[in-house]
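Before anything else, here's the structure in question.
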Amino acid sequence: MRDALPDLEKKGGAAVGISPDPPEAQKKFDNKFGLGFPLLSDEDHAIAEAYGVWGEKKMYGKTSMGIVRSAFLIGEDGKIAAAWYKISPQDTIPELMNYLKSRSDFK
C-alpha cells in the first residue's frame, strides 16, 4: 500500500490499515516500514467481526482465531464498493487498480 499511495492519491483515494494490534505495536511497525498512512487499532476485533474478517485460521497444523487478510474499497458514500477476502499483500494493489480502471464511477 505504501508504494501505491501516489497512484491512489491521483485517483482521489487514500489508504487506512486496521489490525488487532495495540497502538504501540502499530507505531513500531509504522516506524520500521514508513507506511505513510494511518493504522487503526481494533484490539477487541469489533471492526474485523463487522467486516467478516475475524475467523478461524490454520497455520502449521494449529487452529486459532485471527484476521483473515482482506482489502476493502470504500466509496465516497461510505459504502463498500468492492471487497477482496483472503487476498495476499502482493495482489492487493493490482486487484484494486484493475477494479478502478474498470469502473467509470471512480476517477
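Test residue 21 against the criterion of being surrounded by fewer than 10 Cβ atoms within 10 Å (Cβ to Cβ) and in a loop (DSSP other than H, G, I, E, B), and give yes or no.
No.
A further question follows. Among the residues of the stretch 99-106, is any of a type in the set (A, V, I, L, M), in contact (Cβ under 8 Å) with a residue 40 or more places away in the chain and touching a helix residue (DSSP H, G or I) at 6+ places or on another chain (Cβ under 8 Å)? First the steps, then the outcome.
Kept after step one, since they are of a type in the set (A, V, I, L, M), are these residues of the stretch 99-106: 100.
Keeping just the survivors that are in contact (Cβ under 8 Å) with a residue 40 or more places away in the chain gives 100.
With touching a helix residue (DSSP H, G or I) at 6+ places or on another chain (Cβ under 8 Å) added as a condition, the list becomes none.
Within the stretch 99-106, not a single residue is of a type in the set (A, V, I, L, M), in contact (Cβ under 8 Å) with a residue 40 or more places away in the chain and touching a helix residue (DSSP H, G or I) at 6+ places or on another chain (Cβ under 8 Å).
Separate question: In the stretch 25-61, how many residues are surrounded by fewer than 13 Cβ atoms within 10 Å (Cβ to Cβ), among the aromatic types (Phe, Trp, Tyr) and more than 22 Å from residue 13 (Cα to Cα)?
1
If you check residue 70 against the conditions, is it at pLDDT 90 or above, more than 23 Å from residue 103 (Cα to Cα) and of a type outside the set (A, V, I, L, M, F, W, C)?
Judged against the criteria, residue 70 is not a match.
Would a scan of the stretch 86-99 turn up a residue that is loosely packed, with under 14 Cβ neighbours inside 10 Å, at pLDDT below 95 and among the β-branched types (Val, Ile, Thr)?
So far as the stretch 86-99 goes, no, none of its residues is loosely packed, with under 14 Cβ neighbours inside 10 Å, at pLDDT below 95 and among the β-branched types (Val, Ile, Thr).
Also, I was wondering about something else. Within the stretch 30-43, track down each residue that is more than 16 Å from the chain's Cα centre (by Cα) and polar (S, T, N, Q).
Result: 31, single match.
Let me ask you something else. For the stretch 12-29, indicate whether the set of residues that are polar (S, T, N, Q), closer than 17 Å to residue 84 by Cβ and within 16 Å of the chain's Cα centre (by Cα) is non-empty.
Yes, there is a match, as at least one residue in the stretch 12-29 is polar (S, T, N, Q), closer than 17 Å to residue 84 by Cβ and within 16 Å of the chain's Cα centre (by Cα).
The values are calculated or read from the model by the stated rules, or taken from the named source; none is laboratory data. Values in this document were obtained by computation on a predicted structure and should not be read as measured data. Note that we place each Cβ from the backbone using ideal geometry, even for glycine, and neighbour counts take in every protein chain shown.
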